[in-house]
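Below: one structure, written as structure tokens.
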Amino acid sequence: MKAKLLAVVSAAAFLSACANMNIPGVRDMADEGSAFDAALHQNYADLAQAEYDEADWADARYFTSRSKMAAMSQDTGPQMISDRTLPEGTSSEVEVARSDLMAAFDAGGREKAASAAARAQSSFDCWLQELEENIQQEDIDNCRAAFYQALAIVQAELETDEMPKAMPMAMPVPMNVYFGFDSAAVDGKAMSVVDGIVEAYAKYEPKMISLVAYADRAGDALYNDILAKSRVDAVVKALRAGGVPASKLAISINGEANVPVSTDDGVAEQGNRVVTVTFEDGM
């Protein structure tokens, strides 16, 4: 009887959660504001769907609400850090990150780089949410990487206006696409990083893009080489779908050799489940 009651309560909670959000309906709302608002509208809808798919009803509702507000040109900016309960030792970095984001916005970043600015804000909010949840390190890393990557594009766009037109633009820092354990799937949050790489490609026009694929040192070395190859293939497929020519992509498979985070053999390390993407200027 008790188990049946719990099942009924769980089902009721599920139906209540679903009734409080309509992600497809919100996604299809007409945009009433700027290009920044329109991009933010879709980015928050993507986050809402990702959290819904993970049965995180509270955050799915939150991001659905943010998506609706953006469509109605009523966005309130990146989430306040105080709204989230973050793990000890993480607040100082996100405080600086939010301050840098707001400085870029105040300098006109929303207008000059609407798409990247929207991705920076939504990725920052994603980063806060994942930090508070603190159970999926790959999601924390993907949201954080997407934030810094998008912010760099906004800042570069602002700096371009202050630079002599003849001065060459420095290539961005390497960008990282992280993967789950034993996975080569580019999930929604990793796709935010890939989208940023596509946008950066159009902006910087690099001579070549170097992709280096890794795996952590858990498991067999040959298997990890195969897994790393599958990961870089997935990133290449996503980049090509975004319009990056195959002729611009140079691929290296490192597997568990020379990994970014040094570990003993057999150690599962999130920082090594990655494809590192570097723009080359050919000089």
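The values are calculated or read from the model by the stated rules, or taken from the named source; none is laboratory data. This structure is a prediction, so every number in the text was calculated from the model and none was measured. Neighbour counts are summed over all protein chains in view; Cβ atoms, including those assigned to glycine, are modelled from backbone coordinates with ideal geometry.
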Looking only at helices (runs of 4 or more DSSP H) that lie completely in the stretch 78-142, which have at least 1 residues being more than 24 Å from residue 194 (Cα to Cα), of a type in the set (Ser, Thr, Tyr) and touching a helix residue (DSSP H, G or I) at 6+ places or on another chain (Cβ under 9 Å)? 91-106
Which numbered condition residue 190 misses (of (1) modelled with pLDDT of 90 or more; (2) in contact with a strand residue (DSSP E or B) (Cβ under 8 Å, 6 or more places away or on another chain); (3) of a type outside the set (Lys, Arg)): (1)
If you check residue 227 against the conditions, is it crowded, with 21+ Cβ neighbours inside 10 Å and among the hydrophobic types (A, V, I, L, M, F, W, C)? yes
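Here's the yes/no breakdown for (1) aromatic (Phe, Trp, Tyr); (2) not in a loop (DSSP other than H, G, I, E, B):
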position: 32; (1), (2): no, no
position: 39; (1), (2): no, yes
position: 42; (1), (2): no, yes
position: 46; (1), (2): no, yes
position: 49; (1), (2): no, yes
position: 52; (1), (2): yes, yes
position: 55; (1), (2): no, no
position: 60; (1), (2): no, yes
position: 65; (1), (2): no, yes
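Conditions tested, residue by residue: (1) over 16 Å from residue 204 (Cα atoms); (2) modelled with pLDDT of 90 or more.
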position	(1), (2)
74	yes, yes
77	yes, yes
94	yes, yes
98	yes, yes
132	yes, yes
138	yes, no
160	no, no
Scanning the stretch 250-283 for residues that are buried (at least 17 other Cβ atoms within 10 Å of the Cβ), out of contact with any Leu (no Cβ under 6 Å at 6 or more places or on another chain) and of a type in the set (A, V, I, L, M) gives 253, 259, 274
I'm checking my understanding of the structure. Among residues of the stretch 172-195 that are among the polar types (S, T, N, Q) and within 19 Å of residue 53 (Cα to Cα), which one is surrounded by the most Cβ atoms within 10 Å (Cβ to Cβ)? 192
Just the residues that are part of a loop (DSSP other than H, G, I, E, B) and of a type outside the set (Lys, Arg), please, taken from the stretch 263-283. 263, 264, 265, 266, 267, 268, 269, 281, 282, 283
In the stretch 213-262, what residues are part of a strand (DSSP E or B), within 17 Å of residue 183 (Cβ to Cβ) and among the β-branched types (Val, Ile, Thr)? 253
Out of (1) in contact with a helix residue (DSSP H, G or I) (Cβ under 6 Å, 6 or more places away or on another chain); (2) in contact (Cβ under 8 Å) with a residue 24 or more places away in the chain, what's the single condition that is false for residue 72? (1)
Which members of the stretch 23-37 meet the condition of being loosely packed, with under 14 Cβ neighbours inside 10 Å and under 18 Å from residue 47 (Cα atoms)? 24, 25, 28
